[in-house]
1. Can you pull the percent of the chain's accessible area that's carbon plus sulfur, 1.4 Å probe, other chains left in place?
2. Quick one: divide the alpha-carbon radius of gyration of the range 374-431 by 2.2 N^0.38 Å and tell me what you get.
3. Given R₀ = 25 Å, what would the calculated FRET efficiency be for Arg284 paired with Asp211, taking r from the Cβ atoms and rounding to 0.05?
4. Please work out the ratio of the alpha-carbon Rg of the chain to 2.2 N^0.38 Å and round it to two decimals.
5. Which net charge results for the neighbourhood of Gln257, defined as the other residues with beta-carbon distances under 9 angstrom from its beta-carbon, given Lys and Arg at +1 and Asp and Glu at -1?
6. Under a cut-off of 23 Å between alpha-carbon atoms, report the lysines in cross-link reach of Lys90, not counting same-chain residues fewer than 8 places apart.
7. Could you please report the charge total around Met83, scoring K, R as +1 and D, E as -1 over all other residues with beta-carbon less than 13 angstrom from its beta-carbon?
8. Which of the residue pairs Lys5/Lys401; Lys190/Lys327; Lys241/Lys414; Lys348/Lys401; Lys6/Lys148 have a Cα-Cα distance greater than 31 Å in the structure shown?
Amino acid sequence: MNSAKKKIAFKTLGCRLNQYETDALVSDFDKAGYEVVDFKEHADVVVVNTCTVTNQSDQKSRNTISQAARNNKGSVVVVTGCMANNYKEKLEGEDKITYVVENNRKGSILNLVDGHFGGELIHPEKLHADVFSYQVVDKSLHTRSAIKIQDGCDNFCTFCIIPTVRGRAVSRPLPQIIENVKNTLANGFKELVITGVNIGRYEWEDKRFEDVLEAILSVEGDFRVRISSLEPDGFGDDFVKLFSHPRMTPHLHLCLQSGSDKVLLRMRRMYDLKQFEHTVNLFRAQYPDFNFTTDLIVGFPDESEDDFQESIDAVNRYNFGHVHTFKYSVRKGTRAERMDNHIPDKIKTERSTRIREASEDSRDRYLNSFLGKTETVLIEGINKQQVANGYGEHYIPVHFKAEGLEKNTFARVKLVKVEGRGEDARVIGELVG
Ligand code: SF4
């Protein structure tokens, strides 16, 4: 079908995995001759890739769907992502939404839209279901590209809706991953972000997570590898050795969730604080500047003031480069929903503020510890004043004067000053080569 004239816009909420899937869809539609436009612009098709991990994500997803329908009257509105799985029947009943596509069929949305404009209406449930059938990312809104190696999860942490909306754990065949890596590098990407839902639990034939990383690191090319987010229970002590490879970036987003063993047990997490500390010390013994970032939930049912204080102590002890703080959010159908002693929102908000203060202090300490040191920054953008921005290998946001340099290239930068605090903190640097 001649679709050249059709305009399509995308809006993504949630995690890096969702972002990767949108990037792949952008590449798909671009190749099929659609004009990919900004979400603010009127389009013939709008795809909203939703998130449902918390109440706030639900609300943001609903607002985005309403905005998409309001700004594109008469256009095709496709809702996909985790909220599409979580509230499918309800969303299918809303007139403003044309199609609701579940996560496992998201990769086939081009066929659905082509069919729509070709007069061959396809029911989304008739689409091909494969969580790995995504186009290689070539036209992306970002400098780094994710490589999806796994989907779903079997852990069933008591607060988490993800196993319900993303399904059971599945691992992508290793040859497919390596082909995807080679094609993505051929498209000019310099940083690959290994992503999935619970990637540490990768299992394909006799291959485990470490095998996937070794295979990716052995591919020829000028690139580096970053791991998106990892559960602390998904790897052995040998894992630390992989980070001595020059392409591995010394940064892990290791999801702690709570500093209290009592709360970790009620969350049904697969590790305790001693194990988490062992991992942090193992890495820092070999790589003193290693950057650990993390997620923390405050206000989990029955979390006492003492339990909460243990989370604050953990932030102060582990020198995290950044802490994402979440107020516990009841997810329908999870075990935690049925637990006693849910914490009032006022207390959750107060605890969230205290954790943010501690995490901002931790971030300040971490960023300031790099002053005078040199980072290899991947340039993500250069503004009119010739100031470049990008991240160093330790996942430090750096801004520096960059006459004559180009986007998507590496630059050696000496770090001289920290500006701002918390999420907005960044480091000012000077080019050294
Ligand atoms: S490991 Fe736990 S928190 Fe992470 S996706 Fe699985 S169930 Fe959710």
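The values are calculated or read from the model by the stated rules, or taken from the named source; none is laboratory data. Here the structure is a predicted model, which is why all the values come from computation and not from measurement. We place every Cβ from the backbone using ideal geometry, glycine too, and count neighbours over all the protein chains shown. Side chains included, ligands, DNA and RNA excluded: accessible areas come from the protein's heavy atoms. Shrake-Rupley method; radii C 1.70, N 1.55, O 1.52, S 1.80 Å.
1. 48 percent
2. 0.99
3. The formula returns an efficiency of 0.50 here.
4. 0.99
5. Taking every Cβ under 9 Å from that of Gln257, the sum is 0.
6. Lys11, Lys60, Lys73, Lys106, Lys126, Lys332
7. +4
8. Lys5/Lys401; Lys190/Lys327; Lys348/Lys401
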